[in-house]
Structure formats: C-alpha cells, structure tokens
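Q: Got a structure for you, questions after.
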Amino acid sequence: MISLSELGYKVAAKYPIIHINTHEEERFLHFCKGQFGGDHGRKIWEWSATEGLYVDVKKGGDTERTNTPETEDFVQALVKIKKLALEKEGEKLIRQIIVVKDVHPYIEYPIVRRHIRDLSVMLPHTNTTLFLLGAELKIPTDLEKAIAVYDFPLPDEEELLNLATAVQHNNRHKIKPLHKDDHLLKMARACLGLTRDEAENAMAKSAAKLCKLDLGEVAAEKREILKKAGLEVREPKKKLADLGGLDMLKDYIQRVNHSRVDPESRNYGVPFPKGIALLGPPGNGKSAIVDGIAAEFEVALVVFDMGQMQGSLVGESQSRMRSALARINAIGNCVVRFDELEKQMGGMTGPATDSGVKQELGGMLLTWLQERPEGSYVVATMNRVIDRAGGLLVLPEMLRKGRWDELWVLDLPHEQQRVEIAAIHLKNRGRKPTNFDLEEIAKVSEGFSGAEIETAITDTLFQVFPEGREINTDDVVAAIKRTSPISLTMKEEIDALRAWAKSRNIRAASTAAKVKVNRAARTVEA
C-alpha cells in the first residue's frame, strides 16, 4: 500500500502550504484522513466552491458534517482559515489539516495571492497545514517560495489487488466461478498506471461484458485510457534475433537484462539500468530495436508521444506531462520509447516562442530521466543530432551520461549485415534465402539502410507478381538499382553524424560498420 510518509514529514516540519498534484480527490482525502485524522489527532477541514468550509466528525456509527456559513466565497474562506489556525483547545493550538479543492481558478486574483502569502508566514507558527488539492496549478512566480509541491502517486500493486478483490466480490452474482488469487494479482498488475476509478471501471466493464475479470479486456481498456494521456501501450512485435547485425548492441542488452533481473546485481553494486539513446539515419531499424529490447526483457512497450502533451490552456501542457510521467512511474516494469526525440523536443533549444512552455516540458523530461524511480527502461531514437553546420538539434543535457547508461550510433549496415538483412526479409516474405545469391544482393546494396533493402524486396514482389513467376536474385538486384539510397540523399547529414559520433567516442552498435558508397552501383541497367 502506498505511503504518505514523505508528505507526513513535510507536515511535521510545518510546511505551511502544500499543493497536492492529483486527479483523485476522494482517494487522496481517504488516505489523508487515514494518515492525519482520527487517532492521529488532526482535524481535517475541507473547502469546495459548492459547500464552503466544512468538517466531517464521526459520532458513533454516523458521520456528521458541520458547514461554516458564508464561506463559499474563496476569499471569505481564506479569512476564516486564518482564524481557524489560531483556535486553541485549552492552552494548545488545535492540530489541523485544511484541504482546499479546485484552487487554480482563483490563484491569479491579487487578493487571493496576498492571503496565501500571509498564510505562508503565519501557519508555521501554528499547528495547521493548508493543502491545495488539484490536477493542475500554475504557481505564480511570487508564490513559488510559499507553496511546496507533492505528487500523490497512482495506486500501487497492493492497492489494486485489494480493489480487484472488491470488484470480484461486488460482482460475485455475475462472475462464476470466482477467480483465484494469482489471477487477481495479474489483474492488479495489468491495471498499474491507471487511477483507482479508471481501474475499477475497467474491471467492472469486463465483469458486465464477459461475466469475468478478463485480462485482455482490461488491457484493451487500459490502452485506450493511456492513449488519451499520450502513451501507447504495445506488445513487442520484433525480437532482437530477428534483426541483422548489431552484435555489439545485442551483447550489451543481454548483459543489461541479466543485471536487471538478477537481485544479486544490486548487492554487487550494479545500479538499476536507466536506458539508452540510439542515434543514426532513418531506416536503420531503431524503432524495431526498441521492440526487440522489450521482447528481450519480456515487458510491455510504452510509446511516449510528446506532441500529445501540448495543450491550449495555461498550465495544461505541464499538467499532461506530469500525468504521463506519473503513469509511467506507476506502470514500473516496462520499456519506454521516445521516437525521433530531436523532433519531439523541437523548439526547446532556441528562443522561447510559446511563453517557454516547450522549454519547461523539456526541463521536466530531463529531470524525470535523471530522477525517475527504478522500473522503466527508456530508449530514445534520434535521426539527427546536429545540423549541417554542426549545431546541436537537442538540448546538450539530453546527450550526457547519467540520463542514459549509454549512447549508441547505428551506421548504415556493412556487407555482412546486408546479407543477414536480405535473408531475414526474404524469409519474412515466405522465400528461402538459400535460393538467392545473398552476397550479390549485399554487394549491390552498398550504402542502403535496412528499410531500403526491405522495400526493394517488397517492390520486387509487386513487379514480378503479374508475370506469374517466382522472384529471383536478378529481380531483387534490379529493384535495388532503381533506388536512390539514403547514403546519397542524406550524404552530408550522415557524414556529419559520423564525424560527430567519432569525435565523442560514441559506441557503435555493430563491429566494422564503416560504409563506402559506390555511386556507380546506383546506375540502372538499360
């Protein structure tokens, strides 16, 4: 079960005002009352625009609510809060928590900000702490020192297991037979990354639709929920063994996986792996490599879409970013893929043109990459790191060790790798590689990316199918010669990336990866 110990330390240290980042009002209030109220001796007040200030007091088996008149207006509520903080029981100030809901619409009013600054000075001398509860709060610059921030975590495995047990019990007239505990544990793990209400709705829907708690149904519902948050959950489709070349990178990933799953590695001093960045021209299978890493680790693949973080309202983008990162933290054991990070972070390296929102998102991502909890393994792909003039296209901090365990550069495949790549794609299209002269295909495809070799093979199938015969080596070679490869169309960019990577000793994913382009081989036979 999650703990509010960190928040408890802030309260004990008399932090005056703490903003609680969460979408889950009722869940937080339940935890808050359990952590601070009741036997723990603090009176818990709440404020909302509809009910004003009120306190719930248990009397016997009932709960009695006491409302404070004329406090629906937030300014009047703040005036009352100042008085409450000075109330005594005997000679001692009363120990209190005051939870304010939906403060963000009011925070820009000068009189509200003045009251909050007053409270930030006053409350440390009392036994009262003010919680500002909500999913988004753009804290004005003049209040940044007055308001601390606490991110309320999403449900953990234990809480979700209790929830799954409760959902099963509540739907026992529908679910027959009752599921075993190990199934409920799998159900709880399948719901990691969801809020409590989202998880409960997904399981209740499965019970209503299929008369059982179905992992596939809940996983499908979870994918739809996370997609709205800019996260796409996928099952890995590729394995590292399905990819040609990459011997150095494959060996590294196997070693990482060994240290990741072996608990003795922590005792040995090996830190939990954070992730890697893959640099190289497009078409070299960087996204497929991430799939392969997820398959090697036997975990889900989460694709992060930075574009989904952008919102039109003030503070909305930051709230979305914070929520997406919190969901990844809650999911825990997964591989996170950032595709073409240099494009996703476009606008974060130059002058601010959007009130600094993109730069702030970039800062949030950098901080998360550095400080995120153990569990997720992040892999970023980048097609272009520098422009033709040698200028960086990503934040310099994004390329330093510490945020990544390692940086890898994927050059265009050398001849032996092209043999492997051609064999893999021919086999994937139902052909026997031994029926083809793979060395000839590899020779004529010098300077091609893996994607271009695959495209040449599929183009061969389109060209030959109407003729009613089987494809052969000459057909594939002809298709290759009709193609202008990336080594020609992006020659300057590729040369610049190679020089940059070499000057900074970036690790090569494959041995003997140097490529020399034979322009004469690009000509098409008459």
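The values are calculated or read from the model by the stated rules, or taken from the named source; none is laboratory data. All figures in this text were calculated on a predicted structure; none of them were measured in a lab. No Cβ is skipped: glycine too gets one built from the backbone with ideal geometry, and neighbour counts run over all protein chains shown. What goes into the accessible areas is simple: the full protein's heavy atoms, side chains included, and nothing from ligands, DNA or RNA. Shrake-Rupley method; radii C 1.70, N 1.55, O 1.52, S 1.80 Å.
Q: For LYS43, work out the one condition from (1) closer than 21 Å to PRO124 by Cα; (2) touching a helix residue (DSSP H, G or I) at 6+ places or on another chain (Cβ under 8 Å); (3) of a type in the set (Lys, Arg) it doesn't fulfil.
A: Status for LYS43: all satisfied but (2).
Q: Keeping to the stretch 444-465, report how many residues are crowded, with 16+ Cβ neighbours inside 10 Å and either of a type outside the set (S, T, N, Q) or more than 40 Å from the chain's Cα centre (by Cα) (or both).
A: Looking only at that region, the number is 13.
Q: While we're looking at this one, here's another question. So if I check each of PHE304, PHE297, which one is buried (at least 21 other Cβ atoms within 10 Å of the Cβ) and aromatic (Phe, Trp, Tyr)? Outline the logic, then answer.
A: Values: PHE297 fails: buried (at least 21 other Cβ atoms within 10 Å of the Cβ).
Every option except PHE304 fails the conditions.
Q: How many residues are within 17 Å of the chain's Cα centre (by Cα) and open to solvent by less than 10 Å² (accessible area, probe 1.4 Å) if we restrict to the stretch 274-289?
A: Residues that pass the stated criteria total 3.
Q: Further question: Among the candidates LEU160, LEU130, single out the residue that is aliphatic (A, V, I, L, M), modelled with pLDDT of 95 or more and under 20 Å from ASN329 (Cα atoms).
A: Every option except LEU160 fails the conditions.
Q: Filter the stretch 367-383 down to the residues that are surrounded by fewer than 21 Cβ atoms within 10 Å (Cβ to Cβ) and touching a Leu at 6+ places or on another chain (Cβ under 8 Å), then identify the one that is nearest to LYS274 (Cα to Cα).
A: Top of the filtered list is ARG372.
Q: Report every pair of residues separated by at least 6 positions or lying on different chains whose Cβ atoms are under 7 Å apart, first residue within the stretch 231-254 and farther than 30 Å from ARG322 by Cα, second open to solvent by 40 Å² or more (accessible area, probe 1.4 Å) and of a type in the set (Gly, Ala, Ser).
A: Pairs found: MET248/ALA508.
Q: So VAL270 fits all but one of (1) surrounded by fewer than 18 Cβ atoms within 10 Å (Cβ to Cβ); (2) part of a helix (DSSP H, G or I); what number is the exception?
A: (2)
Q: Scan (1) at pLDDT 90 or above; (2) farther than 22 Å from ILE276 by Cα; (3) not basic (Lys, Arg) for the single condition ALA526 breaks and write down its number.
A: Just one mismatch for ALA526, condition (1).
Q: List the strands (runs of 3 or more DSSP E) that sit entirely inside the stretch 1-76 and contain at least 3 residues that are open to solvent by 10 Å² or more (accessible area, probe 1.4 Å) and of a type in the set (D, E, K, R). Full working, then the answer.
A: Details: elements: 17-21, 43-48, 52-59, 62-67.
Fully inside the stretch 1-76 and qualifying: 52-59, 62-67.
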